[in-house]
Amino acid sequence: MKLNIKDKFNNELPADPILENRRRQVSKACFSFVSPKSTSNPELLHVSPEMLNNLALNEADSKSETFLKTFTGNRILPNTKPYAMCYGGHQFGNWAGQLGDGRAINLFEVEHHSKRWTLQLKGAGETPYSRTADGLAVLRSSIREYLCSEAMYHLGVPTTRALSLALTGDQVLRDVMYNGNAAYEKGAVVTRVSPSFLRFGSYQIFAAKQDDTTLKTLVDYTIKEHFPDLGPARTPDTYLEFFKMVSQRTLDMIIHWQRVGFVHGVMNTDNMSILGLTIDYGPYGWLEDFDFGWTPNTTDSQHKRYRYGNQPNIGLWNLMQLANALYPLIKDIPALEGVLEAYKTNFDIASLQMMRSKLGMQTEIAEDKVLIQDLEENLHLTETDMTIFFRNLSDFKKDTPSNGLKVVNDAFYKAAEVSGVIIQKWETWFERYSVRLKQESISDEERKEKMNAVNPKYVLRNYMAQLAIDAANDSNYKLIDELFQLLKQPYSEQPEHQKWFAKRPDWARHKVGCSMLSCSS
């Protein structure tokens, strides 16, 4: 196994001088050196061929002993120094102080085809940032992360990636719902891959400690390595442009979340990538019932801070915290406020355009906003599956609006509830939609093709992931690969996989792992 290892993060940034792996507060350092924990009986369950190729590896490499041991924490490659990153963050709106990589260990950076990837083990043991946790991961959460990060990539959503999923052979104690019912589960490790795992909290920690020197060092490094278009100058204007680019990437990411109905579940500032990538897959979920108020996170069930409809606002709130962290380098409050105001304006514009694309509308008409708002109100009238609704809507014919309800009928969980006033509201909306589509120049067939390119047929519904988890707990790993292959082509019809184009089954409505997830999920 030959990798073009080009470590920069742990060579160019200040390191924690203490090498002992014990919990502690870390000062004036971006990371701490730490070695992964050896596992008793590692077993590789799945490898992403695409990520192998991105790293200049092949199938033979993935079957080697070196690969298995390296990506389960049992071997450190020569001339590499694994490390855990230091960062802080706001959790559920409150400053939590130092957090850091509590169960993630960065192995090394690889360069291939002018792209650089950081490879990180999630679940490889304790670090100085583990606090009271064990630094390990279980198969349940590891399957969810492995499948979802790759699924998101193929949906066109900015995301971190995954290289491999492996069992450790060790048992891990977890209280899945935090209700005092802890049980042992299979331990696992996911190899996560990203250009960088820097997050908003990486900068916040130094601002909070008034360590402007290390803050500047880290921002300068980030610009040099990940925002080279900003040039070599390091002035307040450069740092402001950096913040603008982070804001735009964050906006773009959340627009994609809203488009496919993805809910992150725990948008703390330590879970926000500085590159605008979806990061840290925990209690996530896809909307089944279209509901702006839905959150998959049981920890958030009371206040619903991270509900689907609030994700754009939380993106703005998190950017405000990043602005506060970067202020010592920019020292221009009106300029920072201007970037935040632009986020609001640009998000409204981008959101409207995204919804137009989902509805197959290519031109812009002022009345579109009201049409879309009325659609969203209708989608809340009765439980309506978001993915099925928008996918089937592409079959709507603009000359036969009376067939509209029939076209989308499969999306209703309780079709019997679609009666009376609800029918009237839908029929009125389809009439208006028909009139609107007649103002477009494309045919129904062309519109269908465009709509199907942005409205996925297949997403990783929580019940699907849970089925794979249940099977894996019985040592049957075939479903992991079936879903992995399915989700590589989420916009294709794939008639052989039609069974996955279905509403959430009744048994999954209240099942743990399907409707209720915790931060340990």
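Give, as a single signed number, the net charge of other residues whose beta carbon lies under 9 Å from the beta carbon of E225, with Lys and Arg counted +1 and Asp and Glu -1. Residues close to E225 contribute a combined charge of +2. V407 exposes around 40 Å² of accessible area when a 1.4 Å probe is run over every protein chain in place. (1) 31.9, 114; (2) 34.6, 109; (3) 23.5, 72: which one is Rg and Dmax of the Cα atoms in Å as calculated from this entry? Recomputing Rg and Dmax of the Cα atoms in Å here picks out (3). Comparing Cα centroids, the range 440-501 and the range 176-234 end up 31 angstrom apart. A DSSP coil position with no more than 13 other Cβ atoms inside 10 Å describes the following GluC sites (Glu not before Pro) in the range 1-83: E20.
Please give me the summed charge of the neighbours of W286: other residues whose Cβ is under 11 Å from its Cβ, Lys and Arg +1, Asp and Glu -1. Once all neighbours under 11 Å are counted, the net charge is -1.
Over the residues of the chain, the helix contribution to mean residue ellipticity at 222 nm works out to -12000 deg cm²/dmol, using -39500 (n - 2.57) for each DSSP H run of at least 4. Across the chain, Cα pairs under 8 Å and at least six residues apart give a relative contact order of 14 percent. A probe of 1.4 angstrom, applied to the heavy atoms of all protein chains, finds S402 with accessible area near 100 square angstrom.
Largest first, what is the accessible-area ranking of R131, R234 with a 1.4 Å probe?
Details: R131 135, R234 70 Å².
Result of the area sort, largest leading: R131, R234.
When both bridge partners sit in the chain, DSSP labels roughly 90% of those beta bridges antiparallel.
In the chain, taking the dipole from charged Cβ atoms about the Cα centre, the farthest positive-side position among N310, N10, Y281 is held by N10.
Quick check: from the Cα gyration tensor, does the range 1-147 come out rounded (a/c under 1.5), prolate or oblate? Verdict is prolate for the range 1-147.
Taking all Cα pairs closer than 8 Å and separated by 6 or more residues, the relative contact order of the range 1-139 comes to 27 percent. Of the trypsin sites (Lys or Arg not before Pro) found in the range 52-93, those that fall in a DSSP loop while having at most 13 other beta-carbon atoms within 10 Å are K63.
The range 320-398 and the range 272-305 have Cα centres lying 17 Å from one another. Accessible area per residue (1.4 Å probe, heavy atoms of protein chains only) ranks D220, D395, D101 as D395, D220, D101, with the largest value leading.
Give the shape of the range 396-501 as rounded, prolate or oblate, defined through the alpha-carbon gyration tensor: a ≥ b ≥ c are the square roots of its eigenvalues, a/c under 1.5 means rounded, and otherwise the shape is prolate if a/b is larger than b/c and oblate if not. Present the calculation step by step, with values, prior to reporting the outcome.
On the way: a/c = 4.12, a/b = 1.82, b/c = 2.27.
Here the range 396-501 falls in the oblate category.
For the listed residue pairs K37/K488; K398/K488; K457/K511, the alpha carbons are over 26 angstrom apart in K37/K488; K398/K488.
Protein chains only, probe 1.4 Å: how do S357, S434 rank by accessible area, largest first? All intermediate terms of the calculation are to be shown ahead of the outcome.
Values: S357 35, S434 5 Å².
Largest accessible area first, the list is S357, S434.
Considering only G420, Y327, L167, the residue lying farthest towards the positive end of the dipole of the chain is L167, judged by Cα position with unit charges set on Cβ.
Taken along its principal axes, the alpha carbon cloud of the range 189-273 reaches lengths of 39, 27, 24 Å, longest axis first. Computed about its Cα centre, the charge dipole of the range 333-452 is approximately 200 debye, with only Lys, Arg, Asp and Glu carrying charge at their Cβ. Taking Cβ atoms as reference points and 11 Å as the exclusive limit, the residues near Y87 contribute a net charge of -1, counting Lys and Arg as +1 and Asp and Glu as -1.
Within the range 23-180, what whole-number % of the accessible surface is contributed by carbon and sulfur, with the 1.4 Å probe and all protein chains included in the calculation? Answer for the range 23-180 is 47 percent, counting heavy atoms of protein chains only.
Please work out the ratio of the alpha-carbon Rg of the range 296-385 to 2.2 N^0.38 Å and round it to two decimals.
Details: Rg = 17.1 Å, N = 90, 2.2 N^0.38 = 12.2 Å.
That ratio works out to 1.41.
Under the convention that each Lys and Arg Cβ holds +1 and each Asp and Glu Cβ holds -1, the size of the dipole of the range 209-280 around its Cα centre is about 120 debye. Phi angles of the range 386-391 translate, via the Karplus equation with coefficients 6.51, -1.76, 1.60 and θ = phi - 60°, into HN-Hα couplings of 5, 4, 5, 4, 6, 5 Hz per residue; Gly and Pro are given as x. Along the axis of the charge dipole computed for the chain (Cβ charges of +1 for Lys and Arg, -1 for Asp and Glu, origin at the Cα centre), the listed residues V138, M152, L251 are led at the positive end by V138. Using Cβ point charges alone (K and R +1, D and E -1), the dipole size of the chain about the Cα centre works out to roughly 820 debye.
The values are calculated or read from the model by the stated rules, or taken from the named source; none is laboratory data. Since the model is a prediction, treat every value here as computed from it, not as a measurement. FYI the Cβ positions are ideal-geometry reconstructions off the backbone, even for glycines, and counts take in every protein chain you see. The accessibility values were calculated without ligands, DNA or RNA, using every heavy atom of the protein model including side chains. Shrake-Rupley method; radii C 1.70, N 1.55, O 1.52, S 1.80 Å.
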